[in-house]
Amino acid sequence: MAPIIPQLTDTELENLLKQASARGIQTAAYVMLRLPREVMEIFSEWLHHHYPLKAKHILNTVRDVREGKYNDSNFGSRLTAKDA
């Protein structure tokens, strides 16, 4: 499984699934990106360095999916995204 980074890697999903299917893969799963406190600052710096024009939008999308937070550590909530 690989984390989905909204507005950055989500556009690759369709092509990846097609390639996997062509190679016999029958199921797929993903984990929506979550940013615990220890990771948030490092990820944000990396994002601003490598994708300065997209960084704010990506971080806002992560927060939108997680009900205004970058991470939700409650049991059972980490593997799902909240309905927007």
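Being surrounded by fewer than 15 Cβ atoms within 10 Å (Cβ to Cβ) and touching a helix residue (DSSP H, G or I) at 6+ places or on another chain (Cβ under 9 Å) is the requirement here; does residue 49 meet it?
In short, yes.
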Inset, instruction - Could you please give the count of residues in region 1-29 that are more than 14 Å from residue 62 (Cβ to Cβ) and buried (at least 16 other Cβ atoms within 10 Å of the Cβ)? - result: 0
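Values in this text are rule-based calculations from the coordinates and carry no lab data. Source: prediction; values computed, not measured. Every residue, glycine as well, gets a Cβ built from its backbone with ideal geometry; the counts of neighbours run over all protein chains shown.
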